[in-house]
Amino acid sequence: MTDFKVKNIELAEKGTLQIDYAESRMPVLREIRRNFEKHRPLPLQGIRIGACLHVTKETAVLTRTLKAGGAEVALCGSNPLSTQDEVAAAIARSGVNVYAWRGETTDEYYWCVNKVIDTKPMITLDDGADLVSTIHGSRTEAIGGVKGGTEETTTGVIRLRAMERDGALRYPIIAVNDAYSKYLFDNRYGTGQSTIDGILRATNTLLAGKRFVVCGYGWCGRGLALRARGMGANVIVTEGQPVESA
Ligand SMILES: NC(=O)c1ccc[n+]([C@@H]2O[C@H](COP(=O)([O-])OP(=O)(O)OC[C@H]3O[C@@H](n4cnc5c(N)ncnc54)[C@H](O)[C@@H]3O)[C@@H](O)[C@H]2O)c1
């Protein structure tokens, strides 16, 4: 029985259409899913995966793939503002324990994180390190059952490296952000585009001729600055480490 808490399960059909569209643009996961369906790889059979990721159509393609490999997946959102309610409903209908809705309060957010931990994950997938830090904070009884995990983003990796330095990190974690295909692609191009998309949706303003300040010239900042300049803004960068980040 799938356990879940989403805004409205009736939205599932709409969410499934979005997930199908995303999957049509994600050939690598699509190929992995086909492979999993054919060979049912032993390492994933019955493995419980706890994920705290953006609940979007792209994450749904990932949970779909993991399930095809035989894993059991529980998911909560890593940011209450990025959750797509129709996608959350479709994920629940696909048999994933999902706890996420757009606009959760802080208490509700951690309720969802704890629901994922209740499923006794053996692998954690994190985006910002909230799942790992909750396990290492108020839910230490779960640590023994976790074999390892992944962390997606720069901020999460910074938090985990600090825990590692203090000897506090109790299981191994792959820093996805260190992969070339992450920071050279997602951070530089993906965040640049989605940040501008967010600004335009919120303000519906013309960027051409505006003064556009980018704080930090790291991988995200570079992509964003380039895109804003391409739209005609007058881009100003502030950077604390101007030599290293040049
Ligand atoms: N939402 C998303 O899709 C997404 C994706 C990737 C990264 N991120 C987040 O975006 C942020 C940036 O990630 P990144 O990969 O570009 O990191 P990065 O480490 O490559 O770059 C950060 C830059 O900011 C500079 N900086 C730090 N403090 C500063 C200050 N006070 N003033 C000016 N500059 C300062 C640093 O010197 C560095 O050059 C992180 O919080 C990361 O987690 C979000």
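The values are calculated or read from the model by the stated rules, or taken from the named source; none is laboratory data. All figures in this text were calculated on a predicted structure; none of them were measured in a lab. For neighbour counting, all protein chains shown are included, and Cβ atoms are generated from backbone atoms with ideal geometry for every residue, glycine included.
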- Within region 173-187, identify whether any single residue is without any contact (Cβ under 8 Å) to a residue 24 or more places away in the chain, within 8 Å of the ligand (Cβ to nearest atom) and on the phi < 0 side of the Ramachandran plot, and answer yes or no. yes
- Subset of region 202-235 [more than 15 Å from the ligand (Cβ to nearest atom), basic (Lys, Arg) and in a helix (DSSP H, G or I)]: Arg229
- Query: Name the pairs whose Cβ atoms lie under 9 Å apart, with the first residue in region 72-100 and among the basic types (Lys, Arg), the second surrounded by 24 or more Cβ atoms within 10 Å (Cβ to Cβ), and 6 or more positions between them or separate chains?
  - Reply: Arg93/Gly15
- Message: Restricting to region 1-47, name every residue that is at pLDDT 95 or above and among the small types (Gly, Ala, Ser).
- Response: Ala12, Gly15, Ala22, Ser24
- Please list, ordered by first then second residue, the pairs with beta carbon atoms under 8 Å, 6 or more apart or interchain, first in region 227-241 and surrounded by 13 or more Cβ atoms within 10 Å (Cβ to Cβ), second among the charged types (D, E, K, R). Ala233/Lys210; Ala233/Arg211; Asn234/Lys210; Asn234/Arg211; Val235/Arg229
- From the option list Gly50, Gly77, single residue qualifying as small (Gly, Ala, Ser), within 16 Å of the ligand (Cβ to nearest atom), modelled with pLDDT of 95 or more and within 15 Å of the chain's Cα centre (by Cα) is Gly77
